[in-house]
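The values are calculated or read from the model by the stated rules, or taken from the named source; none is laboratory data. Predicted, not measured: the structure shown is a model, and the values here were computed from it. Positions of Cβ are generated from backbone atoms using ideal geometry, with glycine treated the same way; all protein chains shown enter the neighbour counts.
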Amino acid sequence: MANSSATPQFSDSKPLLSTSSIWNMSVGFLGIQAGFALQNGNASSILQRYGADVHELPNFWLVAPVIGMIVQPIIGYYSDRTWNRLGRRKPFFLAGAIAACFGMMLMPNAGILAAALPLVLMGAGMLMIMDAAFNVAMEPFRALVADKLPSAQRTEGFSAQTALIGVGAVIGSWLPWFLAKKLNIADTAPEGLVPDNVKWSFYIGGILLLGAIFWTLFTTKEYPPEEQAKYTGETLETHKGSGISSIFQDLANMPKAMRQLGWVQFFSWFALFSMWVFTTPAIAHHVYGCAIDDNSSQAYSDASNWTGIIFGVYNGVSAVFALFLPKIATKIGRKNTHAVALTCGGLGLLSIYFAGSPNFLILSMIGVGIAWASILAMPYAMLAGSIPAHKMGVYMGIFNFFITIPQIVSGVINRPIVKYLYGNNAIWAIVMGGVFFLLAALSVRFVEDKDDVAIKA
């Protein structure tokens with residue numbers, strides 16, 4: 001425990017919270033991720049139905065990381081400075097949830113507004129609204145865990161968050177398939193329209209998002225300023241005299257551990273972005289035998305529905321595996337845990353190339369699910385101990401740069417690569433994602449996790 005005296009601003013005097021309290025504070029993330037999963041699993045096919053070509057998909061998906069890179073540090077900055085009757089972080093949960101629900105209702109119905117803009121651009125606009133809202137709601141949840149939990153419980157807190165993310169993502173990923181196959185809601189539609197099963201999935205997801213956010217709002221009490229000061233030395237005076245330009249100062253002075261984790265995040269999220277954008281067209285062509293330019297046949301609809309199923313598999317695996325992360329990290333350390341998990345993800349994506357049937361993809365997604373669980377928990381657990389308590393929100397927002405920048409890079413370079421190098425055959429973008437997961441696993445070896453050393457000592 002020798003390192004604890006070197007960082008007096010990080011107090012372990014916060015009381016240990018009950019298991020139910022730890023889970024309640026993250027229930028809202030279940031709803032956010034249900035919406036995110038619906039977006040990830042269906043946005044590409046919706047945009048193709050609206051007229052986008054496969055090599056154009058990364059351009060539309062660039063909206064998400066660009067919005068996140070702008071929104072999250074600003075939300076973090078202001079949430080660090082917010083104290084009102086709702087709390088510190090909770091006002092942002094609520095505002096983001098309401099806006100996200102609005103976007104989810106309109107995304108599959110962009111045609112009703114198509115008189116204002118071309119249909120594909122209107123769809124992209126709804127994607128932008130949804131993603132901006134998800135970011136507003138999502139960013140403060142990371143800071144809330146760090147605010148409320150002492151160091152000894154942070155891995156457990158982020159793991160609980162990951163498990164709930166997995167549950168929400170399973171719901172969101174499987175909804176279109178369930179509505180089509182179990183409730184016989186139509187999963188095909190004329191060109192330019194979105195099938196009814198997808199529409200109703202977005203409606204249900206929006207309602208679930210609001211309900212989950214309200215659960216956290218009503219069950220979680222944030223520390224008021226005077227109590228926060230008792231645990232961390234932070235007071236409202238801490239923030240006086242700062243301007244939003246201080247975000248750039250904080251960026252320049254980011255902790256060493258954050259810089260090192262940046263490379264791990266870059267490779268991880270490049271791989272994830274490639275998977276989210278290209279899985280549907282990749283398996284439609286490579287596994288279901290669709291023509292590269294086919295986006296309206298029954299086979300393509302089957303591939304799109306199956307993408308939702310296998311995305312649900314990896315999220316379900318992540319929900320279960322997250323429960324074991326604290327014990328595994330205690331045994332072998334957070335760095336080793338993360339490296340092994342990322343390796344599993346790389347092998348999972350690479351194996352898609354060898355898939356001989358749709359069912360084989362379930363095995364591929366087990367590896368991806370293990371990586372996803374660790375990506376959502378371990379970097380934040382490693383990072384939280386190196387961040388000044390009074391800047392937890394803004395630094396969690398800045399850390400999002402290492403999620404958004406690789407997605408932007410992936411979106412920019414994948415468009416010409418998929419079109420000219422891969423001949424619009426999206427399976428090679430998936431293979432490249434697998435390689436990037438393996439590079440992430442190598443990079444984690446160079447991260448300095450002092451908090452982890454202290455815990456193991």
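Yes/no per residue for (1) touching a helix residue (DSSP H, G or I) at 6+ places or on another chain (Cβ under 7 Å); (2) outside any helix (DSSP H, G or I); (3) of a type in the set (Asp, Glu); (4) surrounded by fewer than 23 Cβ atoms within 10 Å (Cβ to Cβ):
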site: 147; (1), (2), (3), (4): yes, no, yes, no
site: 155; (1), (2), (3), (4): yes, no, no, no
site: 158; (1), (2), (3), (4): yes, no, no, no
site: 170; (1), (2), (3), (4): yes, no, no, no
site: 173; (1), (2), (3), (4): yes, no, no, no
site: 178; (1), (2), (3), (4): no, no, no, yes
site: 184; (1), (2), (3), (4): no, yes, no, yes
site: 190; (1), (2), (3), (4): no, yes, no, yes
Within the stretch 399-445, considering residues that are closer than 16 Å to residue 336 by Cβ and out of contact with any helix residue (DSSP H, G or I) (no Cβ under 6 Å at 6 or more places or on another chain), the one modelled with the lowest pLDDT: 445
Go through (1) more than 21 Å from residue 95 (Cα to Cα); (2) out of contact with any helix residue (DSSP H, G or I) (no Cβ under 7 Å at 6 or more places or on another chain) for residue 125 and report which single condition fails. (1)
Would you pick out the residues in the stretch 173-213 that are touching a residue at least 60 places away in the same chain (Cβ under 8 Å), of a type in the set (Phe, Trp, Tyr) and touching a Leu at 6+ places or on another chain (Cβ under 9 Å)? 202
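Does residue 300 satisfy being surrounded by fewer than 24 Cβ atoms within 10 Å (Cβ to Cβ), touching a helix residue (DSSP H, G or I) at 6+ places or on another chain (Cβ under 7 Å), among the aromatic types (Phe, Trp, Tyr) and closer than 24 Å to residue 434 by Cα? Spell out how you get there, then give the answer.
Working: surrounded by fewer than 24 Cβ atoms within 10 Å (Cβ to Cβ): yes; touching a helix residue (DSSP H, G or I) at 6+ places or on another chain (Cβ under 7 Å): yes; among the aromatic types (Phe, Trp, Tyr): yes; closer than 24 Å to residue 434 by Cα: yes.
When the stated conditions are applied, residue 300 passes them.
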Let me confirm something: among 377, 355, which residue is over 22 Å from the mean Cα position of the chain (by Cα) and either touching a residue at least 12 places away in the same chain (Cβ under 8 Å) or buried (at least 24 other Cβ atoms within 10 Å of the Cβ) (or both)? 355
Looking at the stretch 406-426, which of its residues are buried (at least 19 other Cβ atoms within 10 Å of the Cβ) and among the hydrophobic types (A, V, I, L, M, F, W, C)? 408, 418, 426
Looking only at the stretch 62-84, count how many residues are at pLDDT 80 or above, of a type in the set (S, T, N, Q) and either in a loop (DSSP other than H, G, I, E, B) or surrounded by fewer than 24 Cβ atoms within 10 Å (Cβ to Cβ) (or both). 1
